1. Looking at (i) 32, 57, 11; (ii) 32, 60, 8; (iii) 32, 53, 12, 2, 0, which value of P(r) over Cα pairs in 20 Å bins from 0, in percent comes from a calculation on the structure shown?
2. Taking only Cα atoms and a 10 Å spring cutoff, compute GNM fluctuations for the chain and point out the largest among Gly112, Gly255, Gly84.
3. How much length is gained if the chain between Arg222 and Asn309 is pulled fully straight, taking 0.36 nm per residue apart and subtracting their Cα-Cα distance, in nm to one decimal?
4. Any idea how far apart Glu203 and Trp42 come out in nm if each label point goes 7 Å out from Cα toward Cβ?
5. Between the range 94-115 and the range 134-210, what is the separation of their alpha carbon centroids in Å?
6. List, in order, the whole-Hz ³J(HN,Hα) value for each residue of the range 36-41 obtained from phi through the Karplus relation with A = 6.51, B = -1.76, C = 1.60 and θ = phi - 60°; use x for Gly and Pro.
7. Could you work out how far apart the two model spin labels at Asp239 and Leu252 are, taking each label as a point 7 Å from the Cα in the direction of the beta carbon, and quote it in nm?
8. What does the accessible area per residue of the range 1-143 come to in Å², with a 1.4 Å probe and no ligands, DNA or RNA counted?
Amino acid sequence: MTTALPELSLTEWEPTKNTLHLWVQIVGKVRLASTAPRNHWWHVPLYVDVRGLTTRRMHAQDGTGFEIRFDFVDHLLVVETSGGAVESFGLMDGLSVAQFDASLHALLSGLGIDVPIRETPFGVPMTTPFPSDREHATYDRDAVERFWHILDWTDAVFEEFSGWFCGKTSPVHLFWHSLDLAVTRFGSRRAPAIPGADPVTREAYTHEVVSFGFWAGDQNVREATYYSYTTPEPDGLRDRPLRPAEAVWGELGGGSLAMLPYEAVRTAGDPRATLLAFLESAYEAGAEATGWDRADLESSWCPDPPKLNDLLAG
């Protein structure tokens, strides 16, 4: 946890980020089509692993187990099956979304495990169908490695923070629609239906939640950022304090978003404690404003109140 964190300027790697985001969406849609449905769409994300990102195990229609991995060490897209087959192709600058899509389906087809997907981007500004997208083809290996190392470090801190809560909590996972690493804590009460919500949103927010995440920035937030939000948003949420001093309340999608720039974490004297302080302060803000019984939801691994106070005061 003492590894120096790398810089990640959105402007410098945005073309690569957009290409990678679309590649990840293609793989994520294969996972969506090859995994039994779970509550809150927990069957669709990817996960950080020791070499990059993974779908974890999926099953083809004939029952064959398989996994797709983004290997950011050797820069490969790897498919491995329960029958012992391992196939891959290189991730490189100039590989368009269309070529990635065709290469993956050809590889899966050769293994007898291909599956049809909806070949259009989801929830992003890019709208060109994957088989026709020859515009997005930028791949900066160094930037991707830095992004992955940040995900790996953040995943570990999120896992530690998750252990402080004994209520229902999601895995730490990477949602491919927005390319954000996220973890969510759930309350016991069902949330009111969101008027006009699409099926994805309805399933995601069946209960009160306080959610936390990291994403590398986008058209609205122009830098890598840690975030938290509470849904349904309780009255007075923005009046509650956040830590550290660089954390602020903002607005995104019509709701309040607690935000802490990644750069503030990266350059802090103790990045781990800085991120934990942000997560805990955002959780306390959301849980207390919503009326959760925080004491009842603390696990035996949660720091005791004096240590939490020291963390938030630090």
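The values are calculated or read from the model by the stated rules, or taken from the named source; none is laboratory data. What you see is a predicted model; the values in this text were computed from it and never measured. Don't worry about glycine lacking a Cβ; one is built from the backbone with ideal geometry, like all the others, and counts go over all protein chains shown. To get the accessible areas, we keep the full protein, side chains included, count just its heavy atoms, and leave off ligands, DNA and RNA. Shrake-Rupley method; radii C 1.70, N 1.55, O 1.52, S 1.80 Å.
1. (i)
2. Gly84
3. Full extension of this stretch gives 28.1 nm more.
4. 1.4
5. Spelled out, the Cα-based centre of one part sits 26 Å from the other.
6. 4, x, 10, 4, 6, 6
7. Reported label-point gap for Asp239 and Leu252 is 2.5 nm.
8. I get 46 Å² per residue for the range 1-143.
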